[in-house]
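Peer 1: Sharing a structure here in structure tokens format.
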Ligand SMILES: Nc1ncnc2c1ncn2[C@@H]1O[C@H](COP(=O)(O)OP(=O)(O)O)[C@@H](O)[C@H]1O
Ligand SMILES: [Mg+2]
């Protein structure tokens, strides 16, 4: 027998004991893995909880219903139903008169306090209603108006009755009026008319994300139509046609490096080139989209190249074997097989672009823009920038609206990912 | 004739008769480099019309490399350089004027691993004729597809499911589909690189049987690692060793009475 070999019994014992040890190690590793997943999930749950807890109430707000006498002369002073005439009308006065009928303020001081209750946007609401349906002029009809954000906060309980009057944002008289309105069943809490359809405003009760949402969509559309074709074309060239030399190598290294460049740098680039050199206007989705396209390009190129090179070489051989040219091989076989991967990379890039703030701040998309953009050449802001701006405002209601806007951004993201998954499944050949 | 001068002007260390009475392909002093690494050197060999010739030898000796020279598939490999001359019907296919597209239509190829396109059986066969514009109506195309599948011995098995994916067939059927795809463009030569190495014995037997029928119409160059297969299917056999064509001759002769010592060792199983 060979001396250096153990006898079988001893070996069996040692193996048995080591098996136990190995099993324990496996178990420990499994435990570590599960704990980290658990911790990550708890953070996620916490994050979602805090966003939804604040965000859901942000979608609702308090309204007051008032019977307003839509006096034709006072609402339409010129009598031609034009925008100009309607927006110069005395809607506010009529709304206040309707309010006074309910709460019956005594004297000028009380009336002055009562004015605070209804949002300053009430007259615009009336003007819009008349533009929609002029036949209501001259009638007295019940209309709901958003209450001012301080009243809203009071009704939600953020402003407490028992704080001394001097420390409160609303005085005792106003509280008294609100109590009357509540008692008369004039106050309702319902889904906000403004959060989805309003544009930016300093009055939190009428501020909405429509402008930012449209700005985001316009910016992403520009970004997609620039970066997808460019990125795919670049990837196809680099994978299929580029000669293997130093220049190609340098280009490849630079593309990989660009993917890791902080996004704010692309903003500086956009500011310097598009706005500085070409003198294009600031704050417009066109520039935003261009900057984001430059930012997403490396991601798209890298993932498209990966998708192309993942196509089995045997398929290319088969195509070359029957005499397909390089272009035919690419167009008929390689790209159709690579498209799902390319799209996935593109959507990941676009999702990142959707959440990007820094480069857009650089090109002025942080400006306070009330108008809803109609084209890629009108000033606009985007969702993340809107969130950033709202988070900075002091009014209590903006805290909720910030979270609401975050929820909308998340929904948008999930929607984009869903489209990506759908497209990928649809385009993926299952044979 | 100048061409003939070219064909005569070469040197060779190969044992046996490299010539063919009625050559379809004539290769002279073919050397192939992969990034300066020489894979085969100075291979000269004639391929006869409508003959089956086997290329055998230990793995890595350059059989596939030599085979891929005939339809210039080596062009698709980065860093691959081919020296020497290969005449197909008296035309040097490595001439600058030659376009690989018609060349590859004339010299079809079947690969080691069955590689049907992820498309329907019909489209697999129709792809070649379509890109070369061989026919311009559906009826003629149907005809080509049917004839190709028949000649590849696959028609009866797939005629009811031409629209189902080619990748859904069994390995042997896939390989015959690849043969159908190759013959659909009416080639004159078919190159086969170990076409049966991924197949079971029954599928292999079917392909070998098919080869005999195909040899009525095409010249076939087949690389194989199975000496039995070479013995069964081919008229001539060429033995490669470390990038050199060591010996070539009638298959019967090579397997029963090899001249070169290296061939002897390989045949008797001492190199493998
Ligand atoms: N694409 C390639 N790149 C670099 N070297 C290769 C390539 N293909 C084959 N070779 C080399 O060329 C030699 C011959 O290979 P090959 O023709 O595939 O041999 P065989 O088919 O006889 O097994 C081998 O040494 C192999 O390593
Ligand atoms: Mg090989």
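Peer 1: Taking neighbour Cβ counts within 10 Å as the exposure measure, how do B:208, A:84 sort from fewest upward?
Peer 2: Exposure proxy ranking, most exposed first: A:84, B:208.
Peer 1: Sort out for me the Cα centre separation of region A:380-398 from region B:10-73, rounded to whole Å.
Peer 2: That distance is 74 Å.
Peer 1: On to the next question. I'd like the distance between the alpha-carbon centres of region A:75-143 and region B:212-258, rounded to an integer number of Å.
Peer 2: If you average the Cα positions of each part, the centres end up 100 Å apart.
Peer 1: Under the definition of Cα pairs under 8 Å and six or more residues apart, what whole-number percent is the relative contact order of region A:60-191?
Peer 2: With pairs under 8 Å counted, the relative contact order is 40 percent.
Peer 1: Grab the Cα-Cα distance for residue A:73 and residue A:331, subtract it from 0.36 nm times how many residues apart they are, and report the gain in nm with one decimal.
Peer 2: 86.0 nm
Peer 1: Run lengths n ≥ 4 of DSSP H only: what is the helix-derived mean residue ellipticity at 222 nm for chain B, with -39500 (n - 2.57) per run over all residues, to the nearest 500?
Peer 2: It comes out at -10000 deg cm²/dmol, rounded to the nearest 500.
Peer 1: While we're looking at this one, here's another question. Averaged over its residues, how many other protein chain Cβ atoms are within 10 Å of peptide A:322-331's Cβ atoms?
Peer 2: The shielding value for this peptide is 6.
Peer 1: Here's a follow-up. Evaluate peptide B:113-119: per residue, the Cβ atoms of other protein chains within 10 Å of its Cβ; return the mean as an integer.
Peer 2: For peptide B:113-119, the averaged partner shielding equals 6.
Peer 1: Using 1/(1 + (r/R0)^6) with R0 = 41 angstrom and r between the beta carbons of residue A:242 and residue A:428, what's the FRET efficiency to the nearest 0.05?
Peer 2: Efficiency, from the Cβ-Cβ distance: 0.90.
Peer 1: Using a 10 Å cut-off on Cβ atoms, rank the peptides B:13-25, B:119-131, B:99-111, A:36-48 from the highest mean neighbour count down.
Peer 2: In descending order of packing, they fall as B:119-131, B:99-111, B:13-25, A:36-48.
Peer 1: Taking only Cα atoms and a 10 Å spring cutoff, compute GNM fluctuations for chain A and point out the largest among A:251, A:284, A:195.
Peer 2: Maximum fluctuation in the GNM of chain A, among the listed residues, is at A:251.
Peer 1: If you line up the long axis of helix A:396-427 against the longest principal axis of chain A, both from Cα atoms, how many degrees apart are they, to the nearest 10?
Peer 2: It is inclined by approximately 40 degrees.
Peer 1: Moving on. How many partner chain Cβ atoms sit within 10 Å of a residue's Cβ in peptide B:123-136, on average, as a whole number?
Peer 2: Shielding by partners across B:123-136 averages 2.
Peer 1: Mind sorting A:21, A:116 by how few other Cβ atoms lie within 10 Å of their own Cβ, fewest first?
Peer 2: So the ranking, lowest neighbour count to highest, is A:21, A:116.
Peer 1: Tell me, what is the percent relative contact order of region B:161-251, built from C-alpha pairs under 8 Å that lie six or more residues apart?
Peer 2: Result for region B:161-251 is 23 percent.
Peer 1: Residue A:20 to residue A:80: extension gain in nm, 0.36 nm per residue of separation minus the Cα-Cα distance?
Peer 2: Separation in residues times 0.36 nm, less the Cα-Cα distance, equals 12.4 nm.
Peer 1: Any idea how far apart residue B:137 and residue A:393 come out in nm if each label point goes 7 Å out from Cα toward Cβ?
Peer 2: 7.2 nm
Peer 1: Quick one: of the DSSP bridges fully inside the protein assembly as shown, what percent are antiparallel, nearest 5?
Peer 2: The antiparallel fraction comes to roughly 65 percent.
Peer 1: Sticking with the crude label model, points 7 Å out along Cα→Cβ, report the distance from residue A:133 to residue A:210 in nm, one decimal please.
Peer 2: 1.8 nm
Peer 1: Give me the angle, in degrees from 0 to 90, between the Cα long axis of helix A:335-354 and the longest principal axis of the Cα atoms of chain A, rounded to the nearest 10.
Peer 2: 40 degrees
Peer 1: Mind giving me the FRET efficiency for residue A:88 and residue A:191? R0 is 35 Å, r the Cβ-Cβ distance, nearest 0.05 is fine.
Peer 2: Calculated transfer efficiency: 0.65.
Peer 1: Below 8 Å between Cα atoms, with a sequence gap of 6+, how large is the relative contact order for chain A in percent?
Peer 2: Averaging sequence separation for qualifying contacts and normalising by length gives 19 percent for chain A.
Peer 1: Please give the calculated 222 nm ellipticity per residue for chain A, where each DSSP H segment of at least 4 residues contributes -39500 (n - 2.57) and the sum is spread over every residue; nearest 500 deg cm²/dmol?
Peer 2: -20000 deg cm²/dmol
Peer 1: Once both axes come from the Cα atoms, what is the angle between helix A:122-132 and the longest principal axis of chain A, in degrees from 0 to 90, rounded to 10?
Peer 2: 80 degrees
Peer 1: Oh, and also: Rank these for me by crowding, B:185, A:277, B:221, going from fewest to most other beta carbons within 10 Å.
Peer 2: Neighbour counts put them in this order, fewest first: A:277, B:185, B:221.
Peer 1: What FRET efficiency comes out for residue A:34 versus residue A:314 if R0 is 45 angstrom and r is the Cβ-Cβ distance? Round to the nearest 0.05.
Peer 2: Here the calculated transfer efficiency is 0.65.
Read-outs throughout are calculated quantities, based only on the coordinates presented, and are distinct from any laboratory measurement. What you are looking at is a predicted structure, and each value in this text was computed from that prediction instead of being measured. Glycine gets a Cβ as well: all are built from the backbone with ideal geometry, and neighbour counts include every protein chain shown.
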